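The values are calculated or read from the model by the stated rules, or taken from the named source; none is laboratory data. As the structure is a computational prediction, the values presented were derived from the model and not from experiment. Every residue, glycine among them, receives a Cβ derived from its backbone with ideal geometry; neighbour counts consider all protein chains shown. Heads up: the accessible areas ignore ligands, DNA and RNA and are worked out on the full protein's heavy atoms, side chains in. Shrake-Rupley method; radii C 1.70, N 1.55, O 1.52, S 1.80 Å.
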Amino acid sequence: MSQENIARARSIRRRRVRERQAIVFGVLAAILGIIGLWAIGVYNGAIALPFDSGFSSKQKVVDPVTDVACLPAKTMPVAAGKIKVNVLNASEQGGVAAAVAKELSNRGMKIGKTGNSTSPRMVTSIVYGPGALSRAYTLAAHFQTSAIILDDTIENKTITVNIGESFSGLVATENVELEAETPMITREGCKDLWELTDKVEAPEAKDEEEDTSTTDKGTEENAPDDKATEEDAGA
């Protein structure tokens, strides 16, 4: 065999080796890519494992079910300047509490504290005390979705917002459905506030107290004057 044929044979052999290597490396890269996508899916919870790994996926947040209070009839929105808000991040979105606090401040609300919540949430919650229901409803109009939750241990009118994982931004200012002279709309399936806490008295109880007070007063006014009776007897 001539030197030229030997060189050609070696060249062909090297080319075939490189082709096989390219195929092998290509297959390996594809397999690694598939494994990487699968691992990401498992981590994010999009793909379920046939066994409980205990660490491979995040626990899905399930918000507790709570009752929402009804607004009294003809309740008007509260002016933004009268609303004070604490903004807490109850999600895994970095910096969301500071961003929301800044935007609410731009809309005229007063900001209390910002930080992280100790209780993760899926849906943003608006937590208020018994004396701040109208403020809670007013603030809720600025969020696309929210749960309005009563905490009757709160004694002031400051609202606390816990930004949930599903939060994707505030309602644009021009789309906030609030008008100063138009009563707000209460939420469906709501309950009267006094049904949710014993710190708020039902109107019927107040009316009964007023009626009792009026009756007692009327009885005193209509009672015979003892002095006048004695004078009449003496006459």
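Assorted remarks:
- Computed 3J(HN,Hα) for the range 83-99, one whole-Hz value per residue from the Karplus formula 6.51 cos²θ - 1.76 cosθ + 1.60 where θ = phi - 60°, is 9, 10, 10, 9, 10, 10, 8, 9, 10, 9, 7, x, x, 5, 5, 5, 5, glycine and proline marked x.
- Expressed as a whole percent, the accessible surface of the range 56-143 that belongs to carbon and sulfur atoms is 53, based on a 1.4 Å probe.
- Packing rank of 86-93, 11-18, where each peptide gets the mean count of other beta carbons within 10 Å, highest leading: 86-93, 11-18
- Amide H partners (placed H, <5 Å) of MET76, local residues excluded: MET184
- Low-density loop positions, trypsin sites (Lys or Arg not before Pro), the range 65-96 - DSSP coil, at most 10 other Cβ in 10 Å: LYS74
- Above-threshold pairs, the threshold being 30 Å between Cα atoms, out of LYS82/LYS191; LYS60/LYS110; LYS82/LYS199: LYS60/LYS110
- Modelled FRET efficiency - R0 45 Å, LEU28 with ALA98, Cβ distances, 0.05 increments: 0.50
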